[in-house]
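Below is one structure, written out as structure tokens, with a few remarks after it.
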Amino acid sequence: MPQRHRASLWSQLGRVLAAALGLVGAALLAALLSAATQSMSTLALDTPAASPSGPGTALSTTAYAVEAPSPPPSEPPPAPFSPAPAGEQAQPPPAPAPPGVEGLPRIPPWLKVFYRGDPSRKVVALTFDDGPRPEHLSRLLAILDRSHVKATFFFVGIQAEKYPNWVRMTAQAGHEIGNHTYDHLRLPLIPDCDKGPEIGRCQQAIWDITGERPRFVRPPGCELDAATLRAILERGLVVAMYDVNLRDDTPNLSSRAILRHALACVRPGSIILGHSNVEATVDMLPDLISALQTRGYRFVTLSELAAETTAPRRVSAPRGAGSPRASSIRAPRG
Ligand SMILES: [Zn+2]
């Protein structure tokens, strides 16, 4: 092949290659431009119409947030376990004050079982169970009236319905009326489902007669089990125990013996348990009142005693059935 023709062939080949390279480059350029356009369209679709932090600032965050899976909602951490003090474990939260007790001294909400008032105060509460009964009650009310002493009477519902005038007279004299159940049954011995109605029916009977609702329940025989305690507390009532038992339901006990025992046992904050239908108790009552007043004691109702009682250092569950030695509310020392 002559030299001239060979040069011309190389020249044509070069032009073809250049044209081919130009086409590839153009195609590459077109592909790059297309990809860039698509990318911008995606971002524009994901861009929120308006962002609280300014237009455009949340662009990439929003776009990725749509794609990223959201973490599962986490449960709140469990509350740290803190055991309640002994004796408070089975107790529901305090119930609001029921109607019919407005204007009365405020019972501290922590008070659930009341054995004794503040031991630093020379106050004492007289309580009388098992009324109303006509025998001796008139004389008892007259003695209290003469001495300007207010007491607390735990009435039995069925007796209250039988003698409503005695209930009314007692309440109108300024004494406090407590709940001693409707039938005076030993509550731990009856079915659990009957415990509440025994308390509720007595509440209703006294409410119907006096327009006031008792705030304290004294279980007959001061016998208390867990279900009885629950039935009382869930009605917003307080269990009324005692620390001085006159033991005046003992047959043939003389009034002198009852008085001697009472004066030996009473201490500041005492709750004295007696019976309104026992003649010997009514006989010795003037002497008991005057002796304690001479010692500087003031007589109050159970609600007043509770209102003057400061928070206990420790509340223990009762050990025995109403025994004054059963573990009691212990007020702070000093
Ligand atoms: Zn009784």
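Full extension of the chain segment joining Arg139 with Ala311 gains 58.2 nm, where the gain is 0.36 nm per residue of separation less the Cα-Cα distance. Look at the alpha carbon pairs under 8 Å that are at least 6 residues apart: their mean separation over the length of the range 113-307 gives a relative contact order of 35 percent.
Cross-link reach is defined here as a Cα-Cα straight distance under 26 Å, omitting same-chain residues fewer than 8 places apart; for Lys195 the lysines meeting it are Lys112, Lys162. Under 19 Å of direct C-alpha separation, and excluding same-chain neighbours fewer than eight residues apart, Lys150 reaches these aspartates and glutamates: Glu102, Asp118, Asp129, Asp130, Glu176, Glu212, Asp243, Asp283, Asp287, Glu304, Glu308. Per-residue 3J(HN,Hα) values for the range 291-308, derived from phi via the Karplus relation 6.51 cos²θ - 1.76 cosθ + 1.60 with θ = phi - 60°, read 5, 6, 5, 5, 6, x, 7, 10, 9, 9, 6, 5, 5, 5, 5, 5, 5, 8 Hz in sequence order (x marks Gly and Pro). The phi torsions of the range 250-262, fed into the Karplus equation with coefficients 6.51, -1.76 and 1.60 and a -60° offset, translate into couplings of 6, x, 6, 7, 6, 5, 5, 5, 5, 4, 4, 5, 5 Hz, rounded to whole numbers, with Gly and Pro shown as x. Each label point was placed 7 Å from the Cα along the Cα-to-Cβ direction; for Arg260 and Asp208 their separation is 4.6 nm. Compute the Cα gyration tensor for the range 113-307, then decide on rounded, prolate or oblate, letting a ≥ b ≥ c be the square roots of its eigenvalues: rounded whenever a/c is under 1.5, prolate when a/b is larger than b/c in the other cases, and oblate in all that remain. Prolate. Dipole check for the range 113-307: with +1 at the C-beta of Lys and Arg, -1 at the C-beta of Asp and Glu, and the Cα centre as origin, the magnitude is about 640 Debye. Of Cys265, Cys202, the sequence from fewest to most neighbouring Cβ atoms within 10 angstrom is Cys265, Cys202.
The 3J(HN,Hα) values that the Karplus relation (6.51, -1.76, 1.60; θ = phi - 60°) gives for the range 183-198 are, in residue order, 10, 6, 8, 6, 4, x, 8, 9, x, 4, 5, 9, 5, x, x, 4 Hz. Gly and Pro appear as x.
Bear in mind that the values in this text are calculations on the coordinates, not laboratory data. Note that the structure is predicted; figures quoted are calculated from it, not measured. Cβ atoms come from the backbone with ideal geometry, glycine included; neighbour counts cover every protein chain shown.
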